[in-house]
Amino acid sequence: MKIHALLLPFFLLTACESEIDGKTAAEVRDVPAAPAAPAAAPAAPAAPAEAPAGVEVSFSNEGSSLEWVGAKVSGDHKGGFQRFSGTARVDGDQVLGATVEIDVTSLFSDTEKLTGHLKSPDFFDIERMPKASFQTTSITAGGEGGTHTVTGVLDLLGAKKELSFPATIAPVEGGHSVKAEFTLNRKTWGLVYPGKPDDLIKDEVLVRLDVKLPKAG
């Protein structure tokens, strides 16, 4: 038996405390199936389309951040994505919904070697999957850990999952502030690389976002 296998229980028992510990976990579910289409019926006159509520504003990584914290037995690593952009619909003090596209190739971490490994097929496989996206399906007032509960679909590495997480959304000078902090299980989206036998990687990853939405108009 190799020495690192003998020492593995010791490393697991003496794992460092992590910034991830004790953080709120997002609720993750399979994306609801679309309802079956009804049987064809005689065509009726098309009703005029209703204008979407609110006003659309655009946002990007300028003045905003999308970061993460990952952890191994030996300690934490921090990073994020340098480039992302999207649109949101706002109505007065309310944020009604949002869509964001993430440039996964802009991933960074606290060490150059780790950044290169995270971009490889072991993790984000950026040559095959250079983009990710998140689209809200609802934003409701209330919820433990924030002023609102955000629900939406995260499309990452070709896997789509619906998740709900707490967020603090508030009007600020010049627009709106959207802040959230929650954990996700990386394996749900196919990020299954285990790490070294004596320095295993935690399944949970802390996601931290701080988005500034400009004022409508």
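The values are calculated or read from the model by the stated rules, or taken from the named source; none is laboratory data. All values reported here derive from a predicted model rather than from experimental measurement. When we count neighbours, we look across all protein chains shown, and the Cβ atoms used for this are built from the backbone with ideal geometry, even at glycine.
Let's see how each residue does on (1) within 12 Å of the chain's Cα centre (by Cα); (2) charged (D, E, K, R):
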site	(1), (2)
R128	no, yes
F134	yes, no
T168	no, no
V172	no, no
K187	no, yes
G217	no, no
- [ ] Take the stretch 84-98 and flag every residue that is exposed (fewer than 15 other Cβ atoms within 10 Å of the Cβ) and either of a type in the set (S, T, N, Q) or assigned to a loop (DSSP other than H, G, I, E, B) (or both).
- [x] T87, G92, D93
Task: Some residue of the stretch 51-62 being under 29 Å from G22 (Cα atoms) and either in a strand (DSSP E or B) or modelled with pLDDT of 95 or more (or both) - done: yes
Open item on the list: Condition first: of a type outside the set (G, A, S), assigned to a strand (DSSP E or B) and at pLDDT 95 or above. Can you find one or more residues in the stretch 106-116 that meet it?
Closed with: yes
TODO: List every residue pair whose Cβ atoms lie under 8 Å apart, where the two residues are 6 or more positions apart in sequence or sit on different chains, the first residue falls within the stretch 54-67 and is under 19 Å from E181 (Cβ atoms), and the second residue, located anywhere, is among the hydroxyl-bearing types (S, T, Y) and at pLDDT 95 or above.
DONE: F59/S85; F59/T87; N61/S85
Task: Complete set of residues in the stretch 146-173 that are at pLDDT 95 or above, farther than 21 Å from F124 by Cβ and assigned to a loop (DSSP other than H, G, I, E, B) - done: G146, T147
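Out of D122, D103, I need the residue that is surrounded by fewer than 18 Cβ atoms within 10 Å (Cβ to Cβ) and free of Cβ contacts under 8 Å to residues at least 40 places away in the same chain. Which one? Full working, then the answer.
Numbers: D122 fails: free of Cβ contacts under 8 Å to residues at least 40 places away in the same chain.
The conditions single out D103.
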TODO: Output yes when any residue across the stretch 125-145 is among the hydrophobic types (A, V, I, L, M, F, W, C), modelled with pLDDT of 95 or more and not in a strand (DSSP E or B), and no when none is.
DONE: yes
TODO: Please identify the pairs in which a residue from the stretch 136-161 that is farther than 17 Å from R208 by Cα has its Cβ atom under 9 Å from the Cβ atom of a residue that is outside any strand (DSSP E or B) and polar (S, T, N, Q), counting only partners at least 6 apart or on another chain.
DONE: A141/T147; A159/T188; K161/T188
